[in-house]
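Notes follow the structure.
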Amino acid sequence: EPLRACCAVMRFCGHPVRRFGSIGLLMLAGFTGRAAELPPGRILEPVACAADATQTYALYVPASYDRARRWPVLFCFDPAARGRVPVERFQAAAEKFGYVVAGSDNSRNGEWAGNATAINAMINDVNRRLAIDSRRIYVAGLSGGARVACQVALTGLAQGVIACSAAFANSETPAKVPFVFFGTAGLNDFNYLELRRTDRDLDVRHAPHRVVIFPGGHEWLPPELAVEAVGWLELQAMRSGLRPRDEAWIAAQFEARHAAVPAQPPGENYLALKSLAGDFKDLADTAALEQRVAALAASREIRDWTKAERSRENCERELNDRLASAVQEGMAGSVRKQADELRAKANAPEDSPDRQMATRVLQGIQIYCMETTRELLRAENYEAAEPLLAMAAILRPDRPQTYFDLARARAHLRDKKGTLEALQQAAAAGFKDAARVEADQVFAPLRKEPAYQAAVAAMK
């Protein structure tokens with residue numbers, strides 16, 4: 001049955017790109033019978049869609065696959081169209097719980113129309129080839145791909161989402177979330193605060209959810225956490241009646257989660273117990289656990305911890321806003337000073353909340369500059385790209401490509417002195433593609449300049 005999707009705001013790695021579009025009709029065609037046999041128990045890549053061979057995906061079919069029954073499926077979306085990466089992360093979970101997993105090689109950060117084509121192609125092709133349980137469709141994504149996954153689920157197609165390093169379009173949690181949500185973020189992830197806030201938003205909405213923070217950055221969840229995430233989807237399927245309850249398995253899961261609750265620090269203990277009580281309500285006897293959570297929530301210790309956490313989050317937002325404003329206004333001195341201070345904290349030998357915060361702020365602004373300038377250069381808007389590239393070079397002085405892009409932008413703007421300076425900086429930072437410089441006609445007027453020749457020689 002056709003499912004009509006609403007408009008989306010796509011975001012690049014957590015930063016908004018305000019382009020609206022429509023996915024049109026997202027259709028799940030009926031299973032059409034036996035397709036070519038797909039060997040189970042190993043990752044298949046690339047699998048070309050029968051209806052459009054330009055659309056491909058990576059696929060894992062569990063070794064126990066039998067087309068005599070229907071199987072749950074997890075569709076994955078990577079911001080750089082790396083379909084194999086999420087399939088590898090979920091392979092062990094798929095084998096353990098009996099899931100088909102598919103990762104698009106075409107869905108990526110960018111215009112929604114292209115994503116809609118990739119989504120339709122992969123979903124319909126997997127459904128044509130395999131015996132899929134249409135009641136148990138799940139989606140997963142990283143960063144911009146997580147926003148794609150949430151948008152697909154909001155159409156009603158998916159029963160649940162595994163969202164890594166981002167959540168809903170434009171970072172805004174809808175008033176109603178009609179699916180279960182498992183979110184992850186690394187401690188050094190620049191979207192860490194977004195997942196923390198999404199966790200609280202879903203609490204207020206009484207939506208079934210779990211958010212796990214792990215030691216890592218802006219990345220797909222690790223395989224062991226993927227097993228935990230898919231196991232959580234199974235738990236929610238038992239709660240909603242999508243699959244039969246397994247009392248022994250539920251009890252074992254409850255005991256394992258309970259045993260893993262950290263005793264310290266108090267705030268993490270409280271959050272873990274709260275999540276445990278919410279996940280197993282109506283599945284296990286959680287009355288005593290709920291009373292303990294309520295008592296903790298009312299305690300001075302947890303109230304003080306909550307206040308301190310909000311204060312740290314506000315501090316991080318202020319740091320981010322201050323640096324972002326300096327970058328957007330082209331205040332080179334201020335950007336350099338703030339970046340140096342953050343870099344010193346981020347490079348501290350001992351891990352700490354301050355080191356994590358500095359890493360998140362610095363990386364978030366760097367990614368913003370990188371993604372924004374990429375779009376500006378693609379549109380040949382060199383006038384807008386040049387000042388942002390200059391700021392990006394201050395933020396990441398070790399990145400040769402930034403200096404090369406800056407040199408090209410300045411060459412298009414006929415800034416001879418600035419172009420030569422950027423080429424020299426590119427060479428000093430380790431840019432080695434001299435042939436690319438020599439082949440680019442934008443640098444032709446500078447070929448006889450000694451500074452140009454010295455830079456190219458250094459690249460060689």
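Of the residues Ala175, Ala158, the single one that is out of contact with any Pro (no Cβ under 9 Å at 6 or more places or on another chain), under 24 Å from Asp246 (Cα atoms) and not in a strand (DSSP E or B) is Ala158.
Contact map, region 364-388: first residue of a type in the set (D, E, K, R), second residue modelled with pLDDT under 95 and open to solvent by less than 60 Å² (accessible area, probe 1.4 Å), Cβ cut-off under 8 Å, separation 6 or more or different chains; pairs are Glu371/Phe12; Glu371/Cys13; Glu371/His15; Glu371/Asn109; Glu375/Phe12; Glu375/Val17. If the condition is being closer than 18 Å to Gly141 by Cα and either open to solvent by less than 30 Å² (accessible area, probe 1.4 Å) or under 13 Å from the mean Cα position of the chain (by Cα) (or both), then region 194-209 contributes Glu194, Leu195, Thr198, His209. Scan region 293-312 and tell me whether some residue there is within 29 Å of Leu142 (Cβ to Cβ), over 22 Å from the mean Cα position of the chain (by Cα) and among the small types (Gly, Ala, Ser). Scanning region 293-312, I find no residue that is within 29 Å of Leu142 (Cβ to Cβ), over 22 Å from the mean Cα position of the chain (by Cα) and among the small types (Gly, Ala, Ser), so the answer is no.
Take region 438-453 and flag every residue that is in contact (Cβ under 8 Å) with a residue 12 or more places away in the chain and assigned to a loop (DSSP other than H, G, I, E, B). Lay out the reasoning, then the answer.
Going residue by residue through region 438-453, those that are in contact (Cβ under 8 Å) with a residue 12 or more places away in the chain are 438, 440, 442-443, 445-446, 449, 451-452.
Hits for region 438-453 are Asp440, Glu449.
Tallying residues that are of a type in the set (Lys, Arg) and at positive phi within region 223-266 yields 0.
For the condition in a helix (DSSP H, G or I) and either more than 21 Å from Ala277 (Cβ to Cβ) or open to solvent by 20 Å² or more (accessible area, probe 1.4 Å) (or both), what is the one hit in Glu224, Glu234, Glu219? Just a single option satisfies the conditions, and that option is Glu224. Ala411: aliphatic (A, V, I, L, M), more than 18 Å from Val335 (Cβ to Cβ) and in contact with a Ser or Thr (Cβ under 8 Å, 6 or more places away or on another chain), yes or no? Spelling it out, Ala411 is indeed aliphatic (A, V, I, L, M), more than 18 Å from Val335 (Cβ to Cβ) and in contact with a Ser or Thr (Cβ under 8 Å, 6 or more places away or on another chain). For Leu283, indicate whether it is surrounded by 13 or more Cβ atoms within 10 Å (Cβ to Cβ), in contact (Cβ under 8 Å) with a residue 12 or more places away in the chain and farther than 28 Å from Ser334 by Cβ. When the stated conditions are applied, Leu283 passes them. Pull up region 354-392, narrow it to residues that are farther than 25 Å from Glu309 by Cα, among the charged types (D, E, K, R) and assigned to a helix (DSSP H, G or I), then point me to the one that is farthest from the chain's Cα centre (by Cα). Among them, the one singled out is Glu383.
Among the residues of region 108-143, write down those that are of a type in the set (S, T, N, Q), in a loop (DSSP other than H, G, I, E, B) and either modelled with pLDDT of 95 or more or surrounded by fewer than 20 Cβ atoms within 10 Å (Cβ to Cβ) (or both). Outline the logic, then answer.
To start, the set of residues in region 108-143 that are of a type in the set (S, T, N, Q) comprises 109, 115, 117, 120, 124, 127, 134, 143.
Of the ones still in play, those that are also in a loop (DSSP other than H, G, I, E, B) are 109, 143.
Listed by number, the list holds a single entry, Ser143.
The number of residues in region 69-107 being of a type in the set (Gly, Ala, Ser), in a loop (DSSP other than H, G, I, E, B) and in contact with a Cys (Cβ under 8 Å, 6 or more places away or on another chain) comes to 1.
Pick from Asp405, Asp351, Asp415: which is without any contact (Cβ under 8 Å) to a residue 60 or more places away in the chain, more than 22 Å from the chain's Cα centre (by Cα) and more than 24 Å from Leu446 (Cβ to Cβ)?
On the way: Asp405 fails: more than 24 Å from Leu446 (Cβ to Cβ); Asp415 fails: more than 24 Å from Leu446 (Cβ to Cβ).
So the residue among Asp405, Asp351, Asp415 that is without any contact (Cβ under 8 Å) to a residue 60 or more places away in the chain, more than 22 Å from the chain's Cα centre (by Cα) and more than 24 Å from Leu446 (Cβ to Cβ) is Asp351.
The values are calculated or read from the model by the stated rules, or taken from the named source; none is laboratory data. Just so you know, these numbers come straight off a predicted model, no measurement behind them. Every residue, glycine among them, receives a Cβ derived from its backbone with ideal geometry; neighbour counts consider all protein chains shown. These area figures cover heavy atoms from the full protein model, side chains too; ligands, DNA and RNA do not enter into them. Shrake-Rupley method; radii C 1.70, N 1.55, O 1.52, S 1.80 Å.
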